[in-house]
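Visitor: Got a structure for you, written out below as structure tokens; questions coming shortly.
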Amino acid sequence: MWKKPPTISLSKRRLTASETIKGYWNPEQLLEGAPKNAFAFKVRGDSMEEASILTNDVVVVNPELKPKHGGIGVVVINDEITLKYIFYNKDSITLKSANKKFKDRIIKNEDITIIGSVIASYRKF
């Protein structure tokens, strides 16, 4: 049965992970052959607009796949969940938005949890 996907906030007011992940939504409804552990988020915010990920888009995430250097991933920082380009450094990770109005964020490795890699994005017209 279709359930409304949870929302992930990309900018403005950050939602905490506990506020954001509300219930289950089956990504196989969008992506045939989606991995068993895959999950989906409804996007809110404009920080990834230059990557064509817009408010109300739904992204499918594979938690078994670590984002490649420069890939798009979902991370948690101090109970804030966000979607960004991920760049790995020696002792930190740089999170880059796909919107020039947002500054890069450099986060120490111990202060970030990588949830998974974005494997698909969908938009309803």
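Visitor: Restricting attention to segment 30-50, report how many residues are out of contact with any helix residue (DSSP H, G or I) (no Cβ under 6 Å at 6 or more places or on another chain), surrounded by 22 or more Cβ atoms within 10 Å (Cβ to Cβ) and among the aliphatic types (A, V, I, L, M).
Guide: Residues that pass the stated criteria total 2.
Visitor: Under 9 Å by Cβ, and 6 or more places apart or on different chains, what pairs join a residue from segment 113-124 that is farther than 7 Å from ASN62 by Cα with one that is surrounded by fewer than 16 Cβ atoms within 10 Å (Cβ to Cβ) and of a type in the set (Gly, Ala, Ser)?
Guide: Between residues of segment 113-124 that are farther than 7 Å from ASN62 by Cα and residues that are surrounded by fewer than 16 Cβ atoms within 10 Å (Cβ to Cβ) and of a type in the set (Gly, Ala, Ser), the close pairs are SER121/SER52; ARG123/SER52.
Visitor: Can you tell me which condition THR113 does not meet? The list is (1) in contact with a Ser or Thr (Cβ under 8 Å, 6 or more places away or on another chain); (2) closer than 21 Å to PHE41 by Cα; (3) surrounded by fewer than 16 Cβ atoms within 10 Å (Cβ to Cβ), and all the others hold.
Guide: Unmet for THR113, out of (1) in contact with a Ser or Thr (Cβ under 8 Å, 6 or more places away or on another chain); (2) closer than 21 Å to PHE41 by Cα; (3) surrounded by fewer than 16 Cβ atoms within 10 Å (Cβ to Cβ): (1).
Visitor: Okay, moving on. Taking the condition of being out of contact with any helix residue (DSSP H, G or I) (no Cβ under 6 Å at 6 or more places or on another chain) and not in a loop (DSSP other than H, G, I, E, B), how many residues in segment 78-91 meet it?
Guide: The qualifying residues number 8.
Visitor: Can I ask one more? Looking at segment 51-76 only, could you name the residues that are closer than 14 Å to ILE114 by Cα and either in contact with a helix residue (DSSP H, G or I) (Cβ under 6 Å, 6 or more places away or on another chain) or without any contact (Cβ under 8 Å) to a residue 24 or more places away in the chain (or both)?
Guide: HIS69, GLY70, VAL76
Just so you know, all these numbers are worked out from the coordinates, no wet-lab data involved. Computed from a predicted model, the values in this text were never measured in an experiment. Here the Cβ is made from the backbone with ideal geometry for all residues, glycine too, and neighbour counts use every protein chain on show.
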